[in-house]
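For reference, the structure discussed in these notes is given below.
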Amino acid sequence: MSSLNFILLRRRTLAGVRAYSAALLTLGAALIHLSVAPEHLREYLPFGVFFLAVGCAQIVVAVELFARPTRRLAMALAAFSIGLVALWFVSRSIGLPVGPNAGTPEQTGLTDVICNLLEIVASALLVSLVVLPTRSALRRLWLVGLGSAPSALASAGMTFLAVSATLNGTPEAVNVAPAAQGRPSTSVAALVEAPGSEPVRHFTLTAAVTQIEGRQAWAFNGSVPGPELRVKQGDRVQVTLVNHLPESTTIHWHGVQLPNAEDGVAGVTQDAVAPDGEYTYEFVAREAGTFWYHSHQHTEEQLPRGLFGPLVVVPANETAGEQRDYTLTLYGSSAQVWVNGVPDTLHLEARPGEMVRLRVINAVDPGMDGGPEAVALVGAPFQVVALDGSDLNAPDLLGPTRIQLGMGQRADLVFTMPASGSVRLIDTELLGETSPVQDVLFAAQKPRLPSVTIGEGELPAVDASSAPLFDPLNYGKPASDAAVTSTPDLTVPIVLSKQPGIRDGRVELVHMINAQAAPGIQPITVSDGDIVRLHIVNNTGEYHPMHLHGHVLSLVGIDGRPVQGTPIREDSVLLGPNQIVDVAFAANNPGVWMFHCHVLLHAGMGMTTSVNYVGYATPFEMGTRSGNMPE
Ligand code: C2O
Ligand code: CU
């Protein structure tokens, strides 16, 4: 063995700079390994010990490289680092052969990417000591310092980022409404539908991975959207969820005012239903209207994969005289919107003179701007008879008008088929503010929007994209709405904002309510019987459809302008860019209810909290321990 290996690297050379830089980067990786060790200790003891050992070994070698930089040590460290990177690569691609999740690839996160980057650059520098030896001397010691400075800075910055990502990782356990010490509280699990003699309608929804037109989907009963559940007002609805997915799941009944325990939110009203598990929801459909259902576990991934469908409650005494009643579920992404399983034009039948109701559900998952769909009906005058399932009072006939629907919102449109010609529903899109980077990235992604033709005659040629927007403040006739006219018992200021930061172990555009992101947002606390006002200020250029579970929100005003016409009662209220919206609701359904932006990206980035009734607590928790992840 050549004794050269033991010769000290000359410190005041470029080689010295490289050795020092590698040592600094290795120190960063060491700190990252130590910071993740506790998490691994909890998960699987041998992994935790391994991370501790690796971190300590890296510190020893890095310090030694500073003190006595030899080629042999440099080579040993390079080999060690390359080994670690290889191990990481295996764990992220095919999975490790040992451990609690042997054989399944692990998820790549910010922390591990940074750590491996540090190790890769360090090994490259170390290898270069042998491959590209340099003799150029640096005359002054401060030049060596200067040469090592970039690595010192990079190492410090990256380590800080990685360690804060670890410290701000997905929490282990969060209870959004813990029982208060020393005070009695009712468990939300007890808030089930009371027995009764209503006619029972039973459905089974089996969630499974399915192939739909060559693409993989997660679907209820093999179809996207899931089957339409159509019941009569007053029916007792029982739905058995059978989970054949590889992940746990739930079903949330969006817009339905049901008892809290039936609300289907993982970690708040129930534990997510495990693979091969079953769970039965039961509620009485007391309000007629257009609703929908969707998964509320990993909603950001599960809903767009196809786990949603329409729920229609027809009035007990059907007097509307509509001959046709169609449900149109819009879904997809801002790149392509589908309607009822069709990507382009859906055709519906109707004969001249027939009265047609279209129940439009917006389940389109928008991009970061949260932009709503805006549907326009052309070819016949029409009425907006309901929004979010609540009827409007004395709805006026409208000409071509675009109706904005934020994610989760519904509109029921009624028209009479004209004597000749046909009617067309055209989907247009509104955009909120995007960043210049997004504009460049998505410029080519012109949205592909579907349309719906109704009837046989000639299609009206109208440019729907220029039609005026529906004005919810001036439509129909006023009527009494106690939530709006009563003096509020409390007024809650809600400020929506966003800011880059680290959340859930990722760098993201953190979306906040009152300057905090979930799960750190102070819940809204109400008492049974309160009239509550929410004064919502949108401090972003994005759209936010704010959705409250289990209640209806009455619109009071937008930007200080009050509602002049029909009461507008919605479960999701859409805030346009920088708008201020006031809503009121009667707190008459005790429990713990989610209140969140229905733009799945925004909710996932923190814009979600809850309305908690005093005296009620949840026994369920969210986080990595329970696996309940409602967003
Ligand atoms: Cu439709 Cu909490 O959601
Ligand atoms: Cu939002």
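Computed extension length for residue 143-residue 491: 119.0 nm, one decimal, from 0.36 nm per residue of separation with the Cα-Cα distance subtracted. Evaluate the relative contact order of segment 369-435 (contact order divided by residue number), counting alpha-carbon pairs under 8 angstrom at least 6 apart; express in whole percent. Normalised by residue count, the contact order of segment 369-435 is 51 percent.
Projecting label points 7 angstrom from Cα along Cα→Cβ for residue 50 and residue 507 puts them 2.8 nm apart. Loop-located GluC sites (Glu not before Pro) in segment 97-176 (DSSP state not H, G, I, E or B) with no more than 16 neighbouring Cβ atoms inside 10 Å: 106, 172. Each Cα pair under 8 Å and six or more residues apart adds its separation to the average, and for the chain the resulting relative contact order is 14 percent. From its DSSP helices (H runs of at least four residues, each -39,500 (n - 2.57)), the chain gives a residue-normalised ellipticity at 222 nm of -8000 deg cm²/dmol. Taking other C-beta atoms within 10 Å as the exposure proxy, 305, 410 rank 305, 410 from fewest upward. Look at 463, 369, 271 and count the other Cβ atoms within 10 Å of each Cβ; fewest to most, that gives 463, 271, 369. Our summary gives segment 482-614 a relative contact order of 32 percent, counting only alpha carbon pairs under 8 angstrom and 6 or more residues apart.
By its C-alpha gyration tensor, with a ≥ b ≥ c as the square roots of the eigenvalues, how is segment 114-157 shaped: rounded for a/c under 1.5, else prolate for a/b larger than b/c, else oblate? Because a/c hits 1.5 or more and a/b fails to exceed b/c, segment 114-157 counts as oblate. Sorted largest first, the principal axis extents computed over the alpha-carbon atoms of segment 348-417 equal 42, 26, 18 Å. Using a Förster distance of 45 Å, how high is the FRET efficiency between residue 336 and residue 525, based on the Cβ-Cβ distance and rounded to 0.05? Efficiency computed from Cβ-Cβ geometry: 0.60.
Tell me the net charge near residue 555. Cut-off is 14 Å between Cβ atoms, residue 555 excluded, with +1 for each Lys or Arg and -1 for each Asp or Glu. So the environment of residue 555 carries a net charge of -4. Shape class of segment 525-602 from the Cα gyration tensor (axes a ≥ b ≥ c, square roots of the eigenvalues): oblate, since a/c reaches 1.5 or more and a/b does not exceed b/c. Once a ≥ b ≥ c are taken as the square roots of the eigenvalues of the Cα gyration tensor of the chain, is the result rounded (a/c under 1.5), prolate (a/b larger than b/c) or oblate (a/b not larger than b/c)? Prolate shape, in that a/c is at least 1.5 and a/b is the bigger ratio.
If you plug the beta carbon distance of residue 515 and residue 462 into 1/(1 + (r/R0)^6) with R0 = 56 Å, you get a FRET efficiency near 0.80.
A Förster radius of 51 Å combined with the Cβ-Cβ distance from residue 394 to residue 216 puts the calculated FRET efficiency at roughly 0.60. A Cβ-based charge dipole, computed about the Cα centre of segment 320-470 with Lys and Arg at +1 and Asp and Glu at -1, lands at about 160 debye.
Among 104, 111, 290, 170, the ranking by other beta carbons within 10 Å of each residue's beta carbon, starting with the fewest, stands as 104, 170, 111, 290.
Angle between the Cα long axis of helix 45-67 and the longest principal axis of the chain, 0 to 90 degrees, nearest 10? Relative to the chain, helix 45-67 is tipped by roughly 40 degrees.
The numbers here are math on the coordinates, done by the rules we state, and not lab data. Everything quoted here is computed from the prediction, not taken from an experiment. Positions of Cβ are generated from backbone atoms using ideal geometry, with glycine treated the same way; all protein chains shown enter the neighbour counts.
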